[in-house]
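Participant: First the structure, then my questions, so here it is.
The values are calculated or read from the model by the stated rules, or taken from the named source; none is laboratory data. On a predicted model such as this, the values are computed, not experimentally measured, just so you know. Counting neighbours? That spans all protein chains shown, and the Cβs are built from the backbone with ideal geometry, glycine included. Accessible surface areas use protein heavy atoms only, side chains included; no ligands, DNA or RNA. Shrake-Rupley method; radii C 1.70, N 1.55, O 1.52, S 1.80 Å.
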Amino acid sequence: MRTEELHQPTGRVLVVVCDKGEEPVSVIGAALRRHDLRAGRVTAVGGFQQAEVGWFDRERRDYRRIPVREQVEVLSLLGDVASRDGEPVLHVHAVLGRADGSTVGGHLLSAQVWPTLEVIVTEVAPELAKRVDPETGLALIAGPGR
Amino acid sequence: MRTEELHQPTGRVLVVVCDKGEEPVSVIGAALRRHDLRAGRVTAVGGFQQAEVGWFDRERRDYRRIPVREQVEVLSLLGDVASRDGEPVLHVHAVLGRADGSTVGGHLLSAQVWPTLEVIVTEVAPELAKRVDPETGLALIAGPGR
Amino acid sequence: MRTEELHQPTGRVLVVVCDKGEEPVSVIGAALRRHDLRAGRVTAVGGFQQAEVGWFDRERRDYRRIPVREQVEVLSLLGDVASRDGEPVLHVHAVLGRADGSTVGGHLLSAQVWPTLEVIVTEVAPELAKRVDPETGLALIAGPGR
């Protein structure tokens, strides 16, 4: 465990509204870079007309890609922003709801918004640095003292 | 994409505890009106003894209603508050967990709380205005510049 | 319904990064005690190599335990911190994603992190007191006026 208590919240909040047809991972990433927001909590709800989510395969050290080829409610889009080499890195997971109420989810790789995605990013600190974990090849939040 | 960076967070937080038998959509709505909170992030966990969630049907331009007639854990209740005609509008999606751990979810239409629902609303700005989208008939966050 | 509007947010944010093999419920609890954080919102994403979640059985007045014996994405970990007898009490629910994108979830009883769990706790007030509910035996947030 590594913990960091932050006493200087910036108070910045970024609201991003994705429109029909937009790809949210790139859109949110562009908004983070434009506003230079490098650490925060991300939440969103809305809808996708299609998406691709991932499950990290420990053996292959890569995401197994799970296509979702139907209109789904974005029941939960949750994650964080950290930084790598001074650039914001978005890490969000999604739970998606089908027409019958059944759900599918994973690490959000890409999606196509319909009719909207309402994203709120609250900045939590100047920076949460990521470093590549040698075992997985993933960039993980390094935390204080690393 | 439309983004809005808010520099004057109000710092207001509204904690709403729903009791056994209460209907959370109306209860949270009443709390928002009472405290005149018109823009924010909403999260909650707890339990429902029954619920109705929705999936937006693009053809019919209306929600398909999915009844959930059993005791479920509220695994995630996530969404936002915006305003329409000066009144707060709640938009929350729910992921619900059944006795065997399987999940069902959608746009939260109504529910009956049991034994509790612990809701936290953090205000993010003076206002996030909604406008009716002609294509869907839904009130969507208009965002800056609209 | 009981509502409480908090005008003195502390602005404290606690970032907890759980490492491979750690048990997150105890780790987050230890971090809360170490920093004396007794009321807040909790969100996290990451992965578990195994977990146990619960569904509250109204008849038995206890959680039915649902074991998850596989690598899962933590699609959503959401909940709150309140206090009981002056100590922080963590209440979090989890939605977990399997290799095929299917989901399982419940009240998070225990888990084993792999490769990371990125937790953000934002303090919302000095204290949200819990009291034991006689009907269920559960400690529920009492709210103002109780």
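Participant: Per residue of A:104-115, what is the mean number of Cβ atoms on other protein chains within 10 angstrom of that residue's Cβ?
Facilitator: Averaged over the peptide's residues, the number is 4.
Participant: Could I ask something else about it? Can you put B:Arg84, C:Arg65 in order of accessible area, largest first, using a 1.4 Å probe?
Facilitator: Values: B:Arg84 100, C:Arg65 140 Å².
Listed by decreasing accessible area, they come as C:Arg65, B:Arg84.
Participant: Using the Karplus curve 6.51 cos²θ - 1.76 cosθ + 1.60 with θ = phi - 60°, work out ³J(HN,Hα) for each residue of region B:73-88 in order, rounded to whole Hz, and write x for Gly and Pro.
Facilitator: 6, 7, 6, 7, 10, 9, x, 9, 10, 10, 10, 9, 6, x, 10, x
Participant: Now for a different question. Taking each label point as 7 Å beyond Cα in the direction of the beta carbon, state the distances from A:Arg65 to the same residue in the other copies, shortest first, in nm.
Facilitator: 4.0, 4.0
Participant: Moving on to the next point. Excluding B:Arg58 itself, calculate the net charge of residues whose Cβ lies under 13 Å from the Cβ of B:Arg58, where each Lys or Arg counts +1 and each Asp or Glu counts -1.
Facilitator: With Lys, Arg at +1 and Asp, Glu at -1, the neighbours total -3.
Participant: Add +1 for every Lys or Arg and -1 for every Asp or Glu among the other residues with Cβ under 9 Å from the Cβ of A:Val121, and state the total. Don't skip to the end; give the middle numbers.
Facilitator: Working: positive: A:Arg12, A:Arg41; negative: A:Glu123.
With Lys, Arg at +1 and Asp, Glu at -1, the net is +1.
Participant: Name the residues whose placed amide hydrogens come within less than 5 Å of the amide hydrogen of C:Ala39, ignoring near sequence neighbours (fewer than 5 apart) on the same chain.
Facilitator: C:Val124, C:Ala125
Participant: Can I ask one more? Can you put B:Glu118, B:Glu135, B:Glu22 in order of accessible area, largest first, using a 1.4 Å probe?
Facilitator: Heavy-atom accessible area, descending, gives B:Glu135, B:Glu22, B:Glu118.
Participant: With an 8 Å Cα cut-off and a minimum separation of 6 or more residues, compute the relative contact order for chain A in percent.
Facilitator: Here the relative contact order equals 35 percent.
Participant: Counting protein heavy atoms only and a 1.4 angstrom probe, how many square angstrom of accessible surface do chains C and B bury in total, to the nearest 100?
Facilitator: When C and B are taken together, about 3500 Å² of accessible area is lost.
Participant: Ok, one more. Under the convention of a label 7 Å out along Cα→Cβ, give the distances in nm from C:Gly29 to the same position in every other copy, shortest first.
Facilitator: 3.9, 3.9
Participant: Hey, what angle do you get for helix B:24-35 against the long axis of chain B, alpha-carbon based, 0 to 90 degrees rounded to 10?
Facilitator: That helix lies at roughly 30 degrees to the long axis.
Participant: Let me ask something else about it. Going by amide H atoms built from the backbone, whose H comes under 5 Å of the H on A:Asp62, apart from near neighbours?
Facilitator: Answer set, sorted by chain and number: A:Asp57.
Participant: Also: Rounded to the nearest whole Å², what accessible area per residue is found for region B:17-146 with the 1.4 Å probe?
Facilitator: That works out to 36 Å² for each residue.
Participant: A follow-up question, please. From the helices alone, meaning DSSP H stretches of at least four residues, give me the mean residue ellipticity at 222 nm for the protein assembly as shown, per-run term -39500 (n - 2.57), in deg cm²/dmol to the nearest 500. Each step should come with its number before you reach the end.
Facilitator: Details: 3 runs with 35 residues, N = 438.
Mean residue ellipticity, 222 nm, calculated: -2500 deg cm²/dmol.
Participant: Which distances, shortest first and in nm, link C:Arg131 to the matching position in the other copies, using label points set 7 Å out along Cα to C-beta?
Facilitator: For C:Arg131, the other copies' label points sit at 4.9, 4.9 nm, shortest first.
Participant: Let me ask something additional. Pick from B:Glu70, B:Glu23, B:Glu123 the residue whose mean-square fluctuation is largest in a GNM of chain B, springs joining Cα atoms under 10 Å.
Facilitator: Evaluated over chain B, the most mobile residue of the options is B:Glu70.
Participant: Report, to one decimal in Å, the Kirkwood hydrodynamic radius for chain B based on all distinct Cα pairs.
Facilitator: Working: mean 1/r = 0.0627 Å⁻¹.
Result for chain B, one decimal place: 16.0 Å.
Participant: Got a sec? Which residues in region C:16-55 would a label at C:Leu109 touch, if it sits 7 Å along Cα→Cβ and we count backbone N under 16 Å?
Facilitator: Of the residues in region C:16-55, C:24-26, C:50-55 have backbone N under 16 Å from the label point off C:Leu109.
Participant: If you average the alpha carbon positions of region B:35-75 and of region A:31-91, how far apart do those two centres end up, in angstrom?
Facilitator: Value for the Cα centre distance between the two parts: 23 Å.
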